[in-house]
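The structure appears right after this line, and notes come after that.
The values are calculated or read from the model by the stated rules, or taken from the named source; none is laboratory data. Keep in mind that what you see is a predicted model, and the values were worked out from it rather than measured. So basically every Cβ, Gly included, is an ideal-geometry build from the backbone, and we count neighbours across all protein chains shown.
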Amino acid sequence: MFELLPLAIGFAGSLHCLGMCGPLVLAYSLHVARRSETMAEGGSASFSWRHGIFHHVAFHAGRLLSYGLLGTLAGGFFQAAALSSLFGGFRGSLMMIGGILLVFLGLVLLKLVPLPSFLATLIAMPASFLNRLIPPLFRSQRVGSKMLLGLAAGFLPCCLSWAMIVLAATTRNAVEGCFTMLAFGLGTVPALFLVGLSTSFISLKVRFPGERVAAASVMVTGFILVLRGAGILA
Amino acid sequence: MPESYSSDSSRKEECSLCGLPVGRSGIEETVNGELLRFCCHGCLHVFQILFNSPEGLPADFRKTELYQACVSSGLIAGGQTDSREITTPEDFEAGFARELSFKVEGMWCTACSWLVKEILRRTEGVLEAEVFFLSDLARIKYLPHRIDPREILERISKLGYRAVSFNDLCDGADGAKGSRDAAIRKDVLMRLGVSAILTMNVMMLSFALYAGFFHELGRESIRNFSYTLCLLATPVVFYGGFPILKRAVLGLRFQSVSMDTLIAVGTLSAYVVSVIGMYRGSPHLYFDTASMLVTLVLLGKFIEARAREQVSRGVGELFRLAGGKARLCRESGERWVASDAVGPGDELLVLAGERVPVDARIIQGQTGKRDSFYRLDESILTGESRPTKKSIGDEIPGGALLLDGEMRVRATRVGSESSLNQMISLTREALTRKNPVELLADRITHWLVPAVLVIAAVASLVLWAGGLPADEALLRAVTVLVITCPCALGIATPLAKVAAIEAARSRGILVRDPTALEKVKDLDVLVFDKTGTLTEGSYSLREVVVAGGSEEEALRRVAAVESHSDHFLAREILRKARERGLTPFSEAHGRETMNAEEETCGAANEVADHFQYFEGLGARGNVQGEEVMAGNRRLMTSAGLTIPDTLALHAAAMESRGSTIVFYAWEGEVRGLFVFGDIPREGAREAVSALRSRNIALWLASGDSKETTGTIAKELGIYDFVGGALPSDKVEIIRRLQKDGHRVGMIGDGINDAAALAQADVGFSLGAEAGIVRDASDITLLAGSPAKVLDVLELSVLTTKIIRQNLFFAFLYNVLGIPLAIAGALNPLIAVFAMLASSLTVIGNTLRITRSRRE
């Protein structure tokens, strides 16, 4: 049951992801639609995903790929660490630390606590690197470019995905970590897929509670982890 | 069309990319000179990716197609961010906003007011909301087509507070409101009573457990004790503590952490630990802590509510007065109407023992006494218990109590212009202003609660990790929670401020700005306006110089003539005559019914016939067949009368000192003259010397000539004076004094002193009788006596002293308590008592303001 949690969090949090990744999707959809529009005989510039379905698939595949990669790395790193005698005894504490981190990230998600500035500067570097890479990917019409875009998007700084990475790390197993992140990514796909279509569904009134639910679930997960690490919960 | 999430004024704080609220993420970036906020770094980076494309920064990213696409698909709430360029439906709607003030009863700490504010702000249709705990007031701006005020009131009532609009407050007999209050109080008292009784039993039993006997008690006995304790404590925690728990839960729902949260967490922790301990058979139980906590908190709130009532009693009375009824006179007869329904010019009837409902002018009636004066008790407005005397033609303020007789009056100022309502709104404004110290205290309290929760949690975790048994660590945490409860801090300043405002009002001093009250004690220079402030008015009858006949005769005859005239000099003559009891008065427009006594007194009805008025010269009339004239030199000479030399010389001398002269004559001879000039007010001299003895420098500034000003200054004992001062000159005087480093107070009558009053550090205005309350002054002395400045001074010194003491006491307990609690030197019970003690100290100290009375 616990394993399905990332999926649920992804689903609930996808409404939040819409805010960030949604514009990205729209951005490349624009280019795709424009192209297909000139090909067809007039018709409105709707972002119908019929025209660019492969692009969308590629985008999401790229995202899932990057998530999976991150999850594998996180889980695998701690798996390796666990093997070494140094970290062996610290199983419980890793979970607890992970849990506390999750709680903290949940608070950041709720915007109750600002992200510490040293973390912000830490991500600024790779982020600006990405900033320079990404724009040409938007305009390219090749499907492969969208996959690259998806890959980059997966690395974008986002507290929710970070929380999931931490969760993956606590599994201390590369495979499990990978699955955690994949599940999360899968949960976020449906909403982003439908970006071009629905309007009222993703209004702020719906998105905001969705984000809150995600943040809450992250915090609850964090608590559970802490309790597990302390041995109170199995 | 995307809808906005929140209808409150924080709409600016939405992420420029995704539109979700920014909260406290603190991520900002300036683009093209515009500050954009983001909810998370992800949004920031996406924004950079999207809009910082290699084509260069778009001049206005909002015009890009991408942005529009995002807006139309609902990702970004475009409406709000474009509000500067495009008129959104929200902006358009806001033009329809209306304001509503209402009373919220049942708030028992500042956190309740935050909660109510949050709820109000999240209600659809409410644009802004402000709630003031101490005055039980709420003020909102709402859209009437979106929400009905009744719904708003209901919403709050559902939470357990009573929301009452001011109109309803005054409906029906006062008993109705009283019984509502009584019902609330009875409920609290009931809970308190039950809790207290049960808690006492709990304490007894717990003492038995503590007292060392548990070593010798078998498991069986321990279990009996425990179950009994649990049985006794449960109703206390859940019935007595129900309001606290409910508010804590509500607060959680609306993310408003409050003192109730602290208490609830503390109580529930103690209770739960005890229940677990009970099952485990441990003798370490803390039911007494939980019960005592609830009981003492209830007690504290009860006492605080009573104190608030005491402190703000007068204000409530004012409100009651404003909502009264009036007896309207029509041709068809008399009718009772609400005071609000009275229009200007309406005729009203007021009987003895009744209050005048609105500002009005007396037109006729019976005084009920021998003389021609109506006696009114204006103490509710001016604080003076001595009755004032008014006559026909005089204006009386709404709220004055007629002591005897009956009178017909014509309403002059009604509704929001009436002096009573102006007083009320000023008082309300003063009560709801927060000075910087209070705002700071508010903010501290707001943050203190979550911080304390965190400290307590961390401390207990650390202690536990350090080896302390879990329940002991938990108990230390509970102690920390309890001792840090900032109840006292929340009321330290506000309660004193309300007490001060009310104490001032009961003395007839209207404080519009509480910070001004605090500044008063630092004043070292006072600038007085002359005319009307320190003096009665420049046209008071100072002297009657007679060449033939007596003063009384002169007054009687001239008064008879002047009774037809509306000139201010004429009125002054009439007034003086009446004061001396010389004429039965009658107004030119009506006839009074004389009673038998006055007939037999033999006072003839002296009203002149053949009245003639000459513009710029004077008046003439026939009194009992003789021609009487009153006027200036030209009138006399034009009638062919010569002025005797002695009189002429006297007149010249007086005029050179700025006085105004009116000659009077009858039977073909000039008989004397009236000298009109400035007389110092009653008590002005004493006030001046009292102020001087406090080392306050005094200045007199006036538009009148230097000679006149100088004369008055000397009479009063003021050394620095300026005559011939224009209003701008007065401002200049004050500014110069301020530049020299003085703190300057200005006392004037508000009309032509407005600028000077505003320039001064504290502006006092002397309220005229039917008080038009001036806007420019911080403090209004309603009684019209400059001696009241001393009262303000004393009050200011006292209030500041008490506020400082309150803050000290409030902090003392908290600051000392935390380290002691963590170190385990305090047990929760002591902490509970200490918390109550700090509240009581603050309350008791503040009541010193309310009890301080002059004489």
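Values computed for the structure shown
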read-out: The listed residue being within 11 Å of chain B (Cβ to nearest Cβ), touching a Phe, Trp or Tyr at 6+ places or on another chain (Cβ under 9 Å), surrounded by fewer than 23 Cβ atoms within 10 Å (Cβ to Cβ) and modelled with pLDDT under 75, out of A:F208, A:F201; value: A:F208
read-out: Within the range B:658-676, tally of residues that are acidic (D, E) and either crowded, with 22+ Cβ neighbours inside 10 Å or not in a strand (DSSP E or B) (or both); value: 1
read-out: Leading residue by the ranking (farthest from the chain's Cα centre (by Cα)) among those in the range B:233-247 that are buried (at least 23 other Cβ atoms within 10 Å of the Cβ) and part of a helix (DSSP H, G or I); value: B:A233
read-out: Filter result for B:L285 (in a helix (DSSP H, G or I) and either modelled with pLDDT of 80 or more or buried (at least 24 other Cβ atoms within 10 Å of the Cβ) (or both)); value: no
read-out: Total residues in the range A:154-164, condition more than 9 Å from chain B (Cβ to nearest Cβ) and touching a residue at least 60 places away in the same chain (Cβ under 8 Å); value: 4
read-out: Which listed residue, of A:G68, A:G88, is out of contact with any Leu (no Cβ under 7 Å at 6 or more places or on another chain) and either away from chain B (no Cβ under 13 Å) or at pLDDT 80 or above (or both); value: A:G88
read-out: Output for the range B:405-420, where each listed residue is modelled with pLDDT under 80 and surrounded by fewer than 18 Cβ atoms within 10 Å (Cβ to Cβ); value: B:G415, B:S416, B:E417
read-out: Residue pairs meeting the criteria (Cβ under 7 Å; at least 6 apart or on separate chains; first within 15 Å of B:A684 (Cα to Cα), in the range B:702-721; second in a loop (DSSP other than H, G, I, E, B)); value: B:T709/B:S702; B:T709/B:G723; B:T711/B:R657; B:I712/B:D678
read-out: Elements of type strands (runs of 3 or more DSSP E) in the range B:450-567, at least 2 residues being over 22 Å from the mean Cα position of the chain (by Cα) and modelled with pLDDT under 80; value: B:540-546
read-out: Meets criteria (surrounded by 16 or more Cβ atoms within 10 Å (Cβ to Cβ), modelled with pLDDT under 70, farther than 24 Å from B:A338 by Cβ and out of contact with any His (no Cβ under 9 Å at 6 or more places or on another chain)) for B:L143; value: no
read-out: Sole exception among (1) at pLDDT 80 or above; (2) over 30 Å from B:T709 (Cα atoms); (3) not aliphatic (A, V, I, L, M) for B:S586, by number; value: (1)
read-out: The lone exception for A:R139 - which of (1) within 14 Å of chain B (Cβ to nearest Cβ); (2) in contact (Cβ under 8 Å) with a residue 60 or more places away in the chain; (3) crowded, with 18+ Cβ neighbours inside 10 Å it fails; value: (3)
read-out: Which numbered condition B:T637 misses (of (1) in a helix (DSSP H, G or I); (2) of a type in the set (S, T, Y); (3) under 54 Å from the mean Cα position of the chain (by Cα)); value: (3)
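Residue-by-condition table, conditions (1) touching a helix residue (DSSP H, G or I) at 6+ places or on another chain (Cβ under 7 Å); (2) of a type in the set (S, T, Y):
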{"site": "B:Y613", "(1), (2)": "no, yes"}
{"site": "B:V623", "(1), (2)": "yes, no"}
{"site": "B:S638", "(1), (2)": "no, yes"}
{"site": "B:I643", "(1), (2)": "yes, no"}
{"site": "B:A648", "(1), (2)": "no, no"}
{"site": "B:A652", "(1), (2)": "no, no"}
